[in-house]
Amino acid sequence: MASFNLFNYLAPPNAYYDFQRIYSAEQWDKKQHWIADYLKAHQPDVIGFQEVFSPEPLKTLVAGLGYRYFHVVDRPQVTDGFIYSHPVVAIASRYPVIGADAIVPDTGLAGAMGLKAGFSFSRKVLRATVDLPHIGFCDCYVVHFKSKRPLFDYQPDKTLSDEKNTLEQLKAQVTGGWGAAMQRGSEAALLFVEMLSRREASGLPMILMGDFNNSLSQEELLFLTTRLLRADAVTGSDVYLEKYCLQDAWDLFQAVAVSRGKASSGRRPSHYYGAKGFVLDYILLSREFDAGYQLSLFEVSGYETYDRHLINPIFDRDGESSDHAIPMVTLTLRK
């Protein structure tokens, strides 16, 4: 299972975000080859894609590599007939996908949270039910939560003093940045509630993957892997929580490695801002993939973060790659 941020995947002659950002034929060909080369070399069976502006070319590309099942549940916005914004997520699978839907947030809960009427995900979340070997139907969710980019920016006013401009910029940074965090956290919370309801009704295993645009340790995302209640209403509630909680695939992989006496390696960042690296891309799993759960069918036997294009780029090879690393987990049937 892999999560793959494609970084402005848009076929020419269309433009992404403004009229000047158009791939040349050579650049587009290089990008297509880079994606295909990764898929051929690493062979993920199910892939959650982000930043898809051109679903049809992507569907054609992956179909030629053995991914018969491909789904999107949204369309990017287009202005002036060729300028694209608001990319969408997609899923490709070698195994049958029996259904794919967009997650719709609970408007009642959104209102109770103080969100304004009409709240929606910044990018629609895709849920695909995939028929995986041995385990059967599994709900795979693909997300691209709100970025850290502030909801609004301050434009300097030449009529104001440097001090006043600095102060106004700070105000915009504080409020705009917190607004983005609120949007991201609200998206994650409302999605998680829908996942819990779906799990309760169907009992299907869950996989959540994508670009979370922040660390799981941050307050607005921390609950996605919570295993505690502030005040237990039921004695022994931890038994029930295990059924519904998600776990970071990295943690499950490390647990398997430690149980077998293997050295633990450090986690590699999936995105860099300047010289500083961050883990923004995740794959979360329900207990059916936890080797510590007695009745699990699979264990996380491998975890890799493909980042060669970020830490050792070669222009001829990586010139039109991605600004994110690609996390991939290997799930092995337990013996």
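A cut-off of 5 Å between modelled amide H atoms, ignoring neighbours fewer than 5 places along the same chain, links N5 with Q50.
Exactly which GluC sites (Glu not before Pro) in the range 219-308 are in a DSSP loop and have at most 14 other Cβ atoms within 10 Å? Write down the numbers at each step before the final one.
Values: sites: E219, E220, E242, E288, E299, E304; in loops: E219, E220.
Loop-located and lightly packed - E219.
What do you get for trypsin sites (Lys or Arg not before Pro) in the range 89-156 restricted to DSSP loop and a cutoff of at most 11 other Cβ within 10 Å of the site's Cβ? Walk me through the numbers before you get to the answer.
On the way: sites: R94, K116, R123, K124, R127, K146, K148; in loops: R94, K116, R123, K124, K146, K148.
Here the sparse-neighbourhood loop sites are K116.
Each of (i) 54, 45, 35; (ii) 49, 45, 38; (iii) 67, 50, 40 is a candidate for Cα extents along the principal axes in Å; the one calculated from this structure is (iii). Modelled this way, with points 7 Å down the Cα-to-C-beta line, the labels at L295 and A112 are 2.8 nm from one another.
Which FRET efficiency value, to the nearest 0.05, is calculated for F7 and L160 with the Förster distance at 25 angstrom and r the Cβ-Cβ distance? Let's see the in-between values first.
Numbers: r = 37 Å, r/R0 = 1.47.
After rounding, the FRET efficiency stands at 0.10.
About its Cα centre, the chain has a charge dipole of approximately 440 debye under the convention of +1 per Lys or Arg Cβ and -1 per Asp or Glu Cβ, with nothing else charged.
Summarising the strand pairing of the chain, around 75 percent of its internal DSSP beta bridges are antiparallel. Can you give the FRET efficiency for V193 and R21, using 1/(1 + (r/R0)^6), R0 = 35 Å, r = Cβ-Cβ distance, to the nearest 0.05? In this case the efficiency is close to 0.45. A full extension of the chain between D80 and D37 corresponds to an added length of 12.1 nm, given 0.36 nm per residue minus the alpha carbon distance.
Taking 0.36 nm per residue of separation and subtracting the Cα-Cα distance, full extension of the segment from A201 to R267 would add 20.3 nm.
For the range 1-152, the solvent-accessible area with a 1.4 angstrom probe is 46 square angstrom per residue. With a Förster radius of 35 Å applied to the C-beta separation of L167 and S217, the computed FRET efficiency comes to 0.65.
Suppose a student asked you for the relative contact order of the chain, using Cα pairs under 8 Å spaced at least 6 residues apart; what percent would you report? Don't skip to the answer; put the middle values down first.
Numbers: 645 pairs, mean separation 57.4, N = 335.
Contact order relative to length: 17 percent.
On the chain, 54 percent of the accessible area sits on carbon and sulfur atoms, based on a 1.4 Å probe. Summary value for the range 42-199: 19 percent relative contact order, contacts being C-alpha pairs under 8 angstrom separated by 6+ residues. Qualifying trypsin sites (Lys or Arg not before Pro) in the range 156-230, where qualification requires a DSSP coil assignment and no more than 10 other C-beta atoms within 10 Å, comprise K158, R230.
Taking the Cα centre of the range 242-331 as origin and assigning +1 to Lys and Arg Cβ atoms and -1 to Asp and Glu Cβ atoms, the resulting dipole is close to 320 debye. Using the 1.4 Å probe convention, the accessible area of the range 263-335 works out to 51 Å² per residue with neighbouring protein chains retained. Note on the range 80-164: Lys pairs 8 or more places apart or on different chains, Cα atoms under 29 Å apart, count 7.
The values are calculated or read from the model by the stated rules, or taken from the named source; none is laboratory data. Because the structure is predicted, anything quoted here is derived from the model rather than measured. Reconstructed Cβ throughout: ideal geometry from the backbone, glycine too, with neighbour counts over all protein chains shown. These accessible areas exclude ligands, DNA and RNA; they are computed on the full protein's heavy atoms, side chains included. Shrake-Rupley method; radii C 1.70, N 1.55, O 1.52, S 1.80 Å.
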